[in-house]
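Report on the following structure.
A short reminder: the numbers here are calculations on the coordinates, not readings from a lab. A quick note: this is a predicted structure, and the numbers were derived from the prediction, not measured. Neighbour counts are summed over all protein chains in view; Cβ atoms, including those assigned to glycine, are modelled from backbone coordinates with ideal geometry.
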């Protein structure tokens, strides 16, 4: 189990507009404090951003409509005076001020566009329950109750992962930041945890803190965290990137030293091939001077691993079974939770934990929204999570396969967990 990247049934807001550019009064949009920020905010349109800045400084008219032909969304740009400060608001693949945020230092860059999450869930469940191995992606654990249960799991004595990673960051956050000279934290995930603050605090202490960019599939999931962070860090500019991260994203704040973080051992949920592809994408994102920070849960005694995923209090069992309740609610499925049990075991040959929901009897389960009836034999299971564990050697090999080089490797005092700092080779 790893920290959720978003609450899965929340739908990001998105407005689709035809490509256009308009010059508007400064009070109609959100001012960006430094003119150079616009280059980051305009994402893929950095050449356009550079032209805007030059024209702004020269006092030229901002007549750049043709320059944005073909972009997805609408841009609003205005000259804010002799310093050439520019405000930028872009929809869909571009940035816009956050409608929900309480502070104008929070902007949103949505690269997903409109999504039908019910249709995605229906497709994933149909594909998963009709394939050769019955399985459901673990992202569907995190409805409201599932998220609450996961928070309880992270505090359990058996669940060492969060404590071990926090221990590493408490000791070495300043080292990770100073090694990179980081001014910006880009984080895959929602960024509401203590671990995020440890890294931001280290940048603040070194007087380098400028920006934070959480990458998450749900815009709503990160708004509260973003508002809180800008209230705690007066110098902070936040760009919320609404995206899946299964491909290059043209991450924000390019041109400034960035620490790009993927914490919580989330990489363990990827298949080996998907993990390698992800590393390739990360390497493509990194510019000279950027660093990549990633957590790895390490191979250890099977009993300790299994206890972390099957605690004595039964919280993880409730978390796993809650998935069936979510399917009943969202797809009008007819799972009887009382006829399934939680099972977690360590497969040493594949170095991974598997979590399953095991049918206690032969039964048939209807899912009316899918017009589907699923047959289960007694003892047959639905696989709900894979969590791969790493050795120092296999972690380094994975990073190197993606074109990355490890430049710092730190573990907790019991060598249960590692955080690696890597750079592009």
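When Rg is the radius of gyration of the Cα atoms in region 350-418 and Rh is its Kirkwood radius, what does Rg/Rh come to?
So for region 350-418, dividing Rg by the Kirkwood Rh gives 1.25.
By the gyration tensor of its Cα atoms, with a ≥ b ≥ c the square roots of the eigenvalues, what is the shape of region 153-239: rounded for a/c under 1.5, prolate for a/b over b/c, or oblate?
Cα axes put region 153-239 in the oblate bin.
Tell me whether region 185-327 comes out rounded, prolate or oblate; compute the Cα gyration tensor, take square roots of the eigenvalues as a ≥ b ≥ c, and use a/c under 1.5 as the rounded threshold.
Working: a/c = 1.80, a/b = 1.51, b/c = 1.19.
Cα axes put region 185-327 in the prolate bin.
Just how far, in whole angstrom, is region 262-286 from region 404-425 if you go by their alpha carbon centroids?
Cα centroid of region 404-425 versus Cα centroid of region 262-286: 14 Å apart.
Contour minus end-to-end for residue 170 and residue 148, with contour as 0.36 nm per residue of separation and end-to-end as the Cα-Cα distance?
Length difference between fully extended and current span is 5.4 nm.
Just how many % of Cα pairs in region 284-333 lie over 12 Å apart, if you round to the nearest whole percent?
Working: 926 of 1225 pairs.
Counting every Cα pair in region 284-333, those more than 12 Å apart make up 76 percent.
With just the Cα atoms defining each centre, how far is region 328-372 from region 148-166? Give it in Å.
When both Cα centres are located, 24 Å separates them.
Please work out how much length the chain gains when fully extended from residue 287 to residue 360, using 0.36 nm per residue of separation minus the C-alpha to C-alpha distance, in nm with one decimal.
Value of the extension gain: 21.0 nm.
Can you figure out the FRET efficiency of residue 276 with residue 338, using R₀ = 56 Å and their beta-carbon distance, to the nearest 0.05?
Values: r = 41 Å, r/R0 = 0.73.
The value I calculate is 0.85.
Would you mind classifying region 270-373 by shape? Square roots of the alpha carbon gyration tensor eigenvalues, ordered a ≥ b ≥ c; an a/c under 1.5 is rounded, otherwise it is prolate if a/b is larger than b/c and oblate if not. Present the calculation step by step, with values, prior to reporting the outcome.
Details: a/c = 2.73, a/b = 1.59, b/c = 1.72.
The shape class here is oblate.
Please state the equivalent ellipsoid semi-axes for region 196-244: what are the square roots of 5 times the Cα gyration tensor eigenvalues, largest first, in whole Å? Present the calculation step by step, with values, prior to reporting the outcome.
Working: eigenvalues 84, 23, 14 Å².
Value: 20, 11, 8 Å, ordered largest first.
Note the full-extension length gain between residue 130 and residue 380 as 0.36 nm times their separation in residues minus their Cα-Cα distance, in nm to one decimal.
So the extension gain works out to 88.7 nm.
Note down the nm distance, to one decimal, between modelled labels 7 Å out along Cα→Cβ at residue 112 and at residue 425.
3.4
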